[in-house]
Every structure is written in C-alpha cells, then in structure tokens.
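Just below is one structure, and these are the notes that go with it.
Throughout, read-outs are computed from the coordinates displayed, never taken from laboratory work. Just so you know, these numbers come straight off a predicted model, no measurement behind them. As a convention, Cβ positions derive from the backbone with ideal geometry for all residues, glycine included, and neighbour counts pool all protein chains shown.
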Amino acid sequence: DLFGITFTDHPFLQRILLPDSTPGHPLRKDHPLGYEKVEFTHTFKEIQAEKRFDVPPPKPRELIVSLQGELQEISVATMNEPRPTWKSNGANETMLINMGPHHPSTHGVLRVALEIDGEKVVNAMPDVGYLHTGVEKNAEYKTYLKAIPLFDRLDYLSPMFNNLAYVLAVEKLLEVDVPERAQIVRVLLCEINRVASHLIAIGSQAMDIGAVTVMTYAFREREMALDIFEMVSGARMMTSYFRFGGLALDVPMGFSDAVREFLKAIPPRLVEYENLLNKNPIWLERTRGIAEISREMALAHSVTGPMLRATGVDWDLRKTAPYSGYEQYEFDAPRGSRDRADVNDCYAIRIEEMRQSLRIIEQALNKLQKTKGQPVVTNNRKVAPPPKEELQTSMESLIHHFKLWTEGIKPPKGIVYAAVESPRGELGYLVSSNGTNMPHRVHVRAPSFANLQLLPVLAKGAYVADMVAIIAMIDIVLGDVDR
C-alpha cells in the first residue's frame, strides 16, 4: 500500500490505509510530501467540486470472505447501498451490512463490513485508514526534535508512551545516557498514563454494554491524571514532554502532592468499579464466553498487551526487555490463569494492571524525592541545549545552542528499534538515520493495528450485538491503527 510492493500469489492484495484511487505510494522517496494544490475561490458562486487527481472513480473495494468454506469475491456495500443480499450456493441467505465508520461503539472512524446470517456474524472485515494522516511520511521532513509532537497524536490516549518509544530509539542512535531523575519521571508519568488509558478502556467498554455509570466515574478519575500532565507539560493530552537525553523541564512544585492524591484516590475507585460490574448479571452475560481467544491464536496473530497476557502468556516488555530502569521496580505483570481468554478476562487484566501501575508510581515517587536537585537532561551539548546561565559566559555553549536550534541533532548512520509496553501492547519505533538532521525513515509498530487483525477471527460466530464488546476488548485507538 505505502511502498507499492506486489506480492505474487497473494489471495487478497489490496490497499489498507489509503483509498483505491490514491495515485502512487506515499512512503516511496520519489513520492512528494503533499498532494496537488487545491484552488480556493472567494465567492459561493465560484465554488466547484474539488478535483485533486485525474484518476477514474474508484471501484467498490473487494473483500474475500468465506462462504461455507469456499473463497469467493463479493463487493462491499457502498454507503448508498448498505444492505445488498445474496445467496451462497443455494444455502441460507446472508446479508452484508456496514458497522461504522460513524458508529459510537467503534471508538473512532472504523468501518467493519459484516456478513451476517440472521443475528449471527458469518464474516467480519475491518476497513481502516479513515484517520490516516501520513505521520511516518511527515516525520521524514522534520528534524528529529520537531517530529516529537507528530507521534503524540497517534495513540492520543497514551501520548507519553509514543514520546518515550521515539526518544528511546533516537537515544540508541545517539548513544546518549539519560540522568536517573529523568528516568524516574518517565516511568512515573507513563504509569499514570497507563492508568488513565485503562480507565477509558473499561469505562467505554462498560458504556457500550450499557453500564453508563462506570463510564462517567472513569472519566472523573482520568481528569486527575490529565491535571498532572498539564502541570508538567502545559498540555492535557498532546504532552510532548520527553526529550532526547531526558525531559523538557523538571517537574514543578506541587507535583509530588498531586501524585499522592492520585495514589490515594484510585484504589477505592477500582473497588467501586468491580462492585458495579463483577456481579452484574448483564455485564457477565455480555462478557463471559464472548470472543474467546486461545493462546495459540493470540501468538499466531502477533497480539500483544493485555489480550495476550489474558491467555496466560508471560510477556510484558517492562519485564522481558526492561527499559528506563523498570528492572529496579517491584511489580507483577498480571496474566490469566487459563490458556484462553474472553472479554471478561481482558477486563480483569486491565483492572489488575492499574493496581500494579499504582505500585510502580509509589516507588517512583519515593525515588524522585531522593534525586531532588539532580539534572533531568543529559549534559551532552550536542544533544541537549546548555542552560541559560552558560550562554552568558561560554562562547562554546552559545555555538551549541545556535546549531541545535537551527540545524538540530545529526545522529550517525544506522537503524535502531526501540519498544515500550504501552496500554495496548508492544509499541515500537524503527528509526533509520542517514546522518542528516532528518530521519531517513520512521516506522511505527502500532499495537492497535496489530491487535485489530484478530477481529475477523473473534467476530466469526458471534452475535451482531456482541461486536461492540469485542471491539472494546481489543481496545483500539484509531489514530494508532491508521497512523
């Protein structure tokens, strides 16, 4: 799709993120960053339909679905014809309907083409790309530092993790050390972000199933986390707080008190959620035994995060490949007791993960007090700007400052990969450097995109009404899926 690579004998080769009518393949180096100029008019009388490309109108996208064990090609319903029907080899009549892209329970602009037989789902095919913004392409035209705000907007519920994974990758290229205090703050903020993200996951899942009260409570608790983010970065969601070699600034006065209030408030609220849901017959009916995933199935589809651990797989990058000093913290990586997991199991894993995150936050807060006054950014002047007081006394510092803000950093040639354990699974950044001040290539291994591949398997045989619970179980963020 993005590179124009053709795979021979592929049973279902199609564009994934881009419309069929898109000319070229954007991630190729010979493809320009922007598209053709759009001519604007000044009066309503002169307004004409926008025509960007001289290409024929797109044909309806084709999906390959299994009809009684046979692969056949069918046309997906267009928005104007949402319910075409057909018969499969004279057997039961099936119907093709659209779920989304404007559906409140798809958690964004996700479209799922459903083939249904009555109320049962025969096949489901996600159609993604409606939120594709070309972040990876744009990063090739930004300096390394200016690319940081781009990645906040992928998983907009977990901006700290996107910041961290990207700066870890660039720090590998630079071979720069990060001060201990900066490492502690990174861990602390990421775990607060994990709690905030899981609150949204559980709250929105409960709302989709009908427990609206839990959603309002979850958003109430999340506000405390966003207040902390605003305190350190000035922004509640798109924080852009981490820097190569450390942090943008040290945490302000009152930060520790705000974190202590957070630690005090969340544990009883988690008990409250469990009291509302764990014995609720409607919740149990809608989650137990729904969308069961086996351990083998999860591994075969490259699933990571809470869904994988719910099947009993002990895989958490904070444990298996520690980064940012996670090996210094005592915590458990919750996992299921069976080799299979359903919607309810994934919910239980996320609840327990929040408790473990609170353990880490408390330990990090204690470490933070012991490092008070220590630096939060590297003293490598080719990576981080010198403090203002040095600029008045050192010409060398002034030169470093000037070159950093006019040219940016220039990592040596090389390719690195850095991954973190985000609330949705393994979030990885592959950064390729050609020795200039701009990345040659940045690829994002988005956990939402990888985990969404499992949707057709989970949906098959489920009821249409269960689709909202299944999508909530995967816990996708469309910015993360579409990039």
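Just a few scattered comments:
- Net charge of the neighbourhood of ALA446, taken over other residues with C-beta under 10 Å away and scored Lys/Arg +1, Asp/Glu -1, is -1.
- Stretchable slack from ARG340 to THR8, in nm (0.36 nm times residue separation minus alpha-carbon distance): 116.0 nm
- Dipole of the chain [Lys/Arg +1, Asp/Glu -1 at C-beta], most positive-end residue of PHE229, GLN356, THR393: THR393
- Cβ-Cβ FRET estimate between VAL457 and SER256, R0 fixed at 45 Å, reported to 0.05: 0.45
- Shape descriptor for segment 164-313: Rg over Rh equals 1.04 (Cα atoms; Rh from the Kirkwood inverse mean 1/r).
- Sorted ascending by nearby beta carbons within 10 Å, beginning with the fewest, TYR347, TYR156 become TYR156, TYR347.
- Binning all Cα-Cα separations of segment 428-473 at 10 Å, short to long from zero, yields these whole-percent fractions: 22, 32, 18, 16, 10, 2.
- By other beta-carbon atoms within 10 Å, ranking SER422, SER302 with the fewest at the front produces SER302, SER422.
- Dipole magnitude of segment 144-223, debye to nearest 20 (Cβ charges: Lys/Arg +1, Asp/Glu -1, about Cα centre): 140
- √(5λ) per eigenvalue of the Cα gyration tensor, segment 386-434, largest first, Å: 34, 16, 7
- When the convex hull of its Cα atoms is projected in every direction, mean area for segment 347-483 (nm²): 12.6
- You can think of it this way: the chain between ALA248 and MET395 has 50.6 nm of extra reach, that is 0.36 nm per residue less the Cα-Cα gap.
- Fewest-first sequence of TRP283, TRP405 by Cβ atoms within 10 Å of each Cβ: TRP405, TRP283
- Qualifying trypsin sites (Lys or Arg not before Pro) in segment 341-399, DSSP loop, other Cβ atoms within 10 Å at most 15: LYS372, LYS382
- Local electrostatic count at TYR217 - Lys and Arg +1, Asp and Glu -1, tallied over other residues with Cβ under 14 Å: -1
- Loop GluC sites (Glu not before Pro), segment 404-451 (other Cβ atoms within 10 Å of the site Cβ: 13 or fewer; DSSP): GLU407
- Projecting the alpha carbon convex hull of the chain along each direction and taking the average yields 27.2 nm².
- Annotation: Cα Rg of segment 271-367 relative to the compact-globule expectation 2.2 N^0.38 Å equals 1.19.
- Counted charge near VAL313, where neighbours are those whose Cβ lies closer than 11 Å (Asp, Glu -1; Lys, Arg +1): -1
- Ordering LEU452, VAL420, ALA310 by Cα displacement along the dipole of segment 135-482 toward the positive end leaves VAL420 in first place; charges were set at the Cβ atoms of Lys, Arg (+1) and Asp, Glu (-1).
- Charge dipole magnitude, Cβ of K and R +1, D and E -1 - segment 135-482, Cα centre, debye nearest 20: 500
- The relative contact order of the chain comes to 20 percent, based on Cα pairs under 8 Å that sit 6 or more residues apart.
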